[in-house]
Amino acid sequence: MARKLVSGNQAAGHTLAVAGEANREARGCICGAYPITPQTEIIEFLRAYEFTKGRVVPVESEHSAMAVCMGGSLAGARSVTASSSNGLAYMTENVFAAGYYRLPIVMIAVNRTLGPPWNIWVDQGDSLMLRDAPWLQFYTESHQDLVDTILLAFRVAEDPRILLPAMVAMDGFVTSHTQMGVDLPEQELVDRFLPHCIVPHRLRSDHPTTIGGLTWPKETEHHRIEIQRAMERVPEVLAEAISEFEEIFGRRPHGLLSAEHTEDADVILVASNSMARTLRGVVESRREAGEKIGMIKAKTFRPFPREAFESAVGKTAKVGVLDRNHSPGSGGIFWQEIVTSLRNQPDTMVQDYLVGLGGGDVTPEILHEIVDDLISRSKSVEPVWKEVASR
Amino acid sequence: MTEVTICGRGGQGGVTLAKLIATSYFLQGKDVQAFGVYAAERSGAPLQAFVRIDDEEITNHNQIKCPDHVIVLDRTLISPGIAVGAKSSGWIVLNTPQAPEDFAELFPGRQVATVDATSLAVSHKLGTRSVPIVNTTMLGAIGEVFGITLEEIEASLAELRFGEPNVTSARQAFQQVRKVKLSGHVTEIPTPQVRQKIAGLLDEDQGLPPKIKTGSWATQQPERRQLTPPCNDGCPAGNDVRAFVEAVGKKNYSRALEILLETSPLPGVCGRVCPAPCMEACNRSELDESVNIRDLERYAAEHGEWPVATTPWRSERIAVIGSGPAGLSAAYQLAKQGYRVTIFEAGKQLGGVMRTGIPAYRLPPDILDYEISHILDHGVEAITGCKIDRKKLLELSHEFAALFVGTGLQNIRTADLGTEANDAVQEGIEFLDRARLGEERCDDERVIVVGGGNTAMDASRTAQRLGAKSVRVIYRRTRDDMPAISEEIAEALEEGVIIEELVSPIRITPMGSGVGLLCQRMRLGEPDESGRPRPIPETTDDAFFEMPCDRVILALGQSHDLSILPEGAELKDGDTLVGLFGAPIFSGGDFAGNDGTVSAAIGSGHKAALHIHQTLSGDTGTPSTTNPVAEPNVIHMNLFNCSVQAKPVEIPMNKRRSSFAETKLGLRDLPGVSQAAMEAQRCFNCGTCNSCNRCMDYCPEGIVYKEGGEYRFDYSYCKGCGLCSTQCPRGVIYMSEL
């Protein structure tokens, strides 16, 4: 396996390309894409890639980019795209449509602050704005996590038990533009890992059908229940995929979440994306100092793994959630989900910290401060703003 | 873990350098990170890039505040600030031609390495001269300092597909880098705690401009200049063409006339007969058609209010010999300087060749009369019918304080066509003068005119008007080589004149009721001293032929008659004659060898007048500076709409051939529309700011402003984007490299 020093975008572009190419003997690969900082490098990579079957269709907007992916997927192609921030906002109508059509499209979301005011740096508010869309959502911490998760996303999304689109997120710039070493998956191994993409309800001339027509309330409710059931099957399908991944690639990616030093922990911190890596360094150093600190790296956000959180937290008294996102009038979005997950554990205090919003630099020092704050706190309060940018 | 901060400017390749450094360690099996600070990556803006290197897995992703090493890619960024937070055990690697010891005061106690990467990059043509790309070169120096081998450096360059000359440049930097541990104690500068106050929506002090002096990003800056418009440069009379055209464009015709009268007393004449080198030079002809400057000058003379003449206030008297355009111009300029001028003219009327040589259909005599009378109004005395010879000239030199000789070309060049039919041969100048006085008719004659100058054209067109049956012009070269104004040639052809090219006359003999002109065919050879092809006689049998006709008019040109001058006197345009005891004698116009146009004579007379004034008053005036000419390539023609040149109204062809009425009637206004003003507004104003404000409108930073009517640039915020320069239609704003 080739270990390369590349940017997160290049790693994502490579993985989408080899996954698309793996479908060359079936119905190929289609990418409808529109550039936006910091995602553009992915599109450039795919545009330069010579697919045996399939291509990038340049369009005039993100809305059309997703429309192309839906068309490609309805024709049976493995369909991929990438976007960020206001591009995702503009795409939103078709993001929902792709999910409700049950099309296993894979999209890379390079997290970037939604404007205005204009800001190109990382903030998860863009992909989390789509939390109520019928999409799987995964958050990745490093280049390797990103590459592995993209491959898993194809497997889960295209599984006949699931048939839902999947979004894989990474931090804008901090991951997308940082050069790091990564094992880039080789075509041969990906061919083995990814079966041909089969969209059972694809449009066929020999069997004409209409999809997306008018439905009555009862039929609509049934449609939603089916999606909910599919979401509920994700942990099982993901676990299967991880086992097979390990067999083929020789390493075992995280699944729904990664619980580290949680068994005996007095306090647990929860983080996602690259912040989880910086947190890991902090947790390890405090463990070495004898403090009973644990962490959960949140990876799968949709479906939200409530049971996995419940069991990872166990009887731990204090949980601190690091949210690089903000739902105005409420607080951090991961925090809301975690509080819901721990609704049956009244002895656990959950405190939210809003940190690194708008691309603020999250340093180990800031995370140490948060750990100290959490330890000293006996009662949770409203989400605490860590104004990183003003330091 | 080792951490490195790179300080550079956008465009220098700082982020790529981070990746190059990271790659050289990555290839050794280390865990690495390379990243930049994004968003301000505009060319020239200060930016930072970072590298992390460790044997263990690197977990944190924040920006580097306390680096082990600091690398500075740009000399202008070297300041104590770059060492803030940096560990004293590491290196500061600087791109500078200076020695490390030179930084003893700036970085005491630090380990400093220097290399002149910019010169190396420029010598290897990496990037451009103004923005050399120094990253690959710096890698060599950094490698030496960090203990990376040359092989590892080359492997890193190869991994990122950098070949020659990057490798050579890096290798040279590796060898040339100088390293020193400076004496003294490291000044620990604590990382400043910036507590920036961020304005809220309802705060009163919000909206203050940020104090980021973006001018430091610039690699070039706009400057303003004044260029000489090509029309001004091309005007032999020295008219400020651009300025008078601008005044016409503003419908201020009196101001336009005033500008013209500064340099020329004969705008109505030049507005009709000038060959208009200004229009040939006009940059607008590169876009569509030149501005019709000649007709605008005529329009200004016709529509402007003529100013009240001054009266002489000096005691010195000056004699002007000859009243052609040079003499009149000299007299006018001297009178305006307050001198008492007396003109001596051999003919019966003033005006010289303008009266005798230019037919009324081109220059009506009343126009000439009016402009001469305006000159005389300045207290100029005129004595006509008074021929000045050498003896008389010497007498005058004792009566007057200075003399100006502008007697033009009095010797007529002729040709020997034999004596057999002499009566049918006539000189062109004489023919034109007799025609003017109503003493000639050519009814039903076959006329041949010999020559290719303006006199030949005037004689042929005059013969047409005097009833000739046919008029042929024979010329020994081709039409393209004719010295006559091309428009006059075209008008002669329009009026039915026939031009026979490459024909030379030999002899005239009686033939039937008229005469026969024996001619010889010519061909063109190598250019002669005039720059035109030399005509060479053909010698074959059919080279000779006879043209039947009734009259042959010779228009072969004239030369000056130097017999008026004292013996041994040398002629210099506008300059004084030497070796005399009396008043200084100056000369000008065709007499002094000018090119035969009215405008050149006006300029020559003006120059002589200035010289006379300087000689008499000792006032040398202030030396004028000449700006470079605005070439077409500095004009942004894409900012102008194409338009058609306004043409003068002409009388119909059928009325032309029988009348000496003026052929062209000038620009004619339509109700409510001044054609002249519209035509004048076509002017580009080459190289001269006319306050169009485009620079202010287009500056994306809003740093172009006006102060006391003058445009200014706020260089502290100007990023040097160059939009003002590309949007300046007339080439006034240009970008100078810093």
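Its DSSP H runs of at least 4 residues, each contributing -39,500 (n - 2.57), put the calculated 222 nm mean residue ellipticity of chain A at -12500 deg cm²/dmol, to the nearest 500. For the range A:112-185, the list of chymotrypsin sites (Phe, Trp or Tyr not before Pro) that fall in a loop by DSSP and count at most 15 other C-beta atoms within 10 angstrom reads A:Trp118. Would you please classify the overall shape of the protein assembly as shown from the alpha carbon gyration tensor, given that a ≥ b ≥ c denote the square roots of the eigenvalues, rounded means a/c under 1.5, and beyond that prolate means a/b larger than b/c while oblate covers the rest? Note, shape of the protein assembly as shown comes out prolate. For the pair B:Arg534 and B:Glu710 in one chain, pulling the backbone fully straight at 0.36 nm per residue adds 57.8 nm over the alpha carbon distance.
In a reduced charge model with +1 at each Lys and Arg Cβ and -1 at each Asp and Glu Cβ, the range A:2-249 shows a dipole moment near 620 debye about its Cα centre. With the charge dipole of chain B set up from +1 on Lys and Arg Cβ and -1 on Asp and Glu Cβ about the Cα centre, the Cα lying farthest toward the positive end among the listed residues B:Ser373, B:Gln175, B:Cys231 is that of B:Gln175. The Cβ shell under 13 Å around B:Val732 holds other residues with a net charge of +3, Lys and Arg each +1, Asp and Glu each -1. Which Cα, out of B:Thr356, B:Ala335, B:Ala346, lies furthest along the positive dipole direction of the range B:334-394 (beta carbon charges, K/R +1, D/E -1)? Most positive-ward Cα: B:Ala346.
Assign one of three labels to the range B:349-483, namely rounded, prolate or oblate, based on the Cα gyration tensor with a ≥ b ≥ c the square roots of its eigenvalues; rounded applies when a/c is under 1.5, prolate when it is not and a/b is larger than b/c, and oblate otherwise. All intermediate terms of the calculation are to be shown ahead of the outcome.
Working: a/c = 2.32, a/b = 1.72, b/c = 1.35.
In terms of gyration-tensor shape, prolate.
Placing pseudo-labels 7 Å out from each Cα toward the beta carbon at A:Arg233 and B:Cys642 gives an inter-label distance of 6.9 nm. Here chain B is assigned +1 on the Cβ of each Lys and Arg and -1 on the Cβ of each Asp and Glu. Its dipole about the Cα centre then comes out at about 1120 debye.
In whole Å, what is the distance between the alpha-carbon centres of the range A:267-332 and the range A:1-34? Using only Cα atoms to place each centre, the spacing works out to 31 Å. Computed on the Cα atoms alone, the convex hull of the range B:274-329 gives a volume of 135 cubic angstrom per residue. Projected onto its three principal axes, the C-alpha set of chain B covers 120, 70, 62 Å, listed from the longest axis down.
Database remark: amide H of B:Glu495 closer than 5 angstrom to no amide H (H placed geometrically; neighbours at sequence offset of 5 or more, or on other chains; Pro and chain starts carry no H). Simple rule: put +1 on each Lys or Arg Cβ and -1 on each Asp or Glu Cβ in chain B, find the dipole, and look at B:Tyr715, B:Met457, B:His636; the Cα lying farthest toward the positive end is B:Tyr715.
Per DSSP H run of n ≥ 4, the term is -39500 (n - 2.57); total these for chain B, divide by its residue number, and report the mean residue ellipticity at 222 nm rounded to 500 deg cm²/dmol.
Working: 23 runs with 209 residues, N = 738.
That comes out to -8000 deg cm²/dmol.
Stretching B:Thr311 away from B:Glu151 to a fully extended chain increases their span by 48.5 nm, per 0.36 nm per residue minus the current alpha-carbon distance.
When only the Cβ of Lys, Arg, Asp and Glu is charged (+1, +1, -1, -1), the dipole of the range B:417-490 relative to its Cα centre reaches about 260 debye.
Loop-located GluC sites (Glu not before Pro) across the range B:335-433 with a Cβ neighbour count of 14 or fewer within 10 Å are B:Glu420, with loop assigned by DSSP. By its C-alpha gyration tensor, with a ≥ b ≥ c as the square roots of the eigenvalues, how is the range A:257-390 shaped: rounded for a/c under 1.5, else prolate for a/b larger than b/c, else oblate? The shape class here is rounded.
With respect to the cross-link table entries A:Lys4/B:Lys19; B:Lys19/B:Lys65; B:Lys336/B:Lys387; A:Lys299/B:Lys30; A:Lys297/A:Lys318, which display a Cα-Cα separation exceeding 22 Å? Show your work: numbers first, answer last.
Working: A:Lys4/B:Lys19 12 Å; B:Lys19/B:Lys65 19 Å; B:Lys336/B:Lys387 26 Å; A:Lys299/B:Lys30 27 Å; A:Lys297/A:Lys318 16 Å.
Where the Cα-Cα span goes over 22 Å, the pairs concerned are B:Lys336/B:Lys387; A:Lys299/B:Lys30.
Starting from the Cα of B:Lys469, draw a straight line to each of the lysines and keep only those under 22 Å, dropping any in the same chain fewer than 8 residues away. The qualifying lysines are B:Lys655. Computed with the Debye formula from one identical point scatterer per Cα of the range A:114-246, without solvent, the log10 of I(q)/I(0) at q = 0.10, 0.18, 0.21 Å⁻¹ comes to -0.46, -1.15, -1.30. Residues B:Val4, B:Val405 in ascending order of nearby Cβ atoms (within 10 Å, fewest first): B:Val4, B:Val405. Of all DSSP-defined beta bridges confined to the range B:1-100, some 65% are antiparallel rather than parallel. Looking at the range A:2-249 alone, DSSP beta bridges between its own residues are antiparallel in about 25 percent of cases.
Karplus-derived 3J(HN,Hα) values for the range A:43-59, using 6.51 cos²θ - 1.76 cosθ + 1.60 with θ = phi - 60°, are 4, 4, 4, 5, 5, 7, 6, 9, 6, 5, 9, x, 6, 8, 9, x, 10 Hz; glycine and proline are entered as x.
For the pair B:Ser736 and B:Thr168 in one chain, pulling the backbone fully straight at 0.36 nm per residue adds 201.3 nm over the alpha carbon distance. Taking the C-alpha atoms only, the angle from helix A:364-376 to the longest principal axis of chain A is near 60 degrees. For the range A:246-315, applying the loop criterion from DSSP together with a ceiling of 12 other beta carbons within 10 Å to the trypsin sites (Lys or Arg not before Pro) yields A:Arg251, A:Lys315. Beta-bridge orientation, the range A:257-390: approximately 20 percent antiparallel, per DSSP, counting only bridges with both partners inside.
Bear in mind that the values in this text are calculations on the coordinates, not laboratory data. These numbers were taken from a predicted model, which means no experiment stands behind them. Note: ideal-geometry Cβ built from the backbone for every residue, glycine included; neighbour counts use all protein chains shown.
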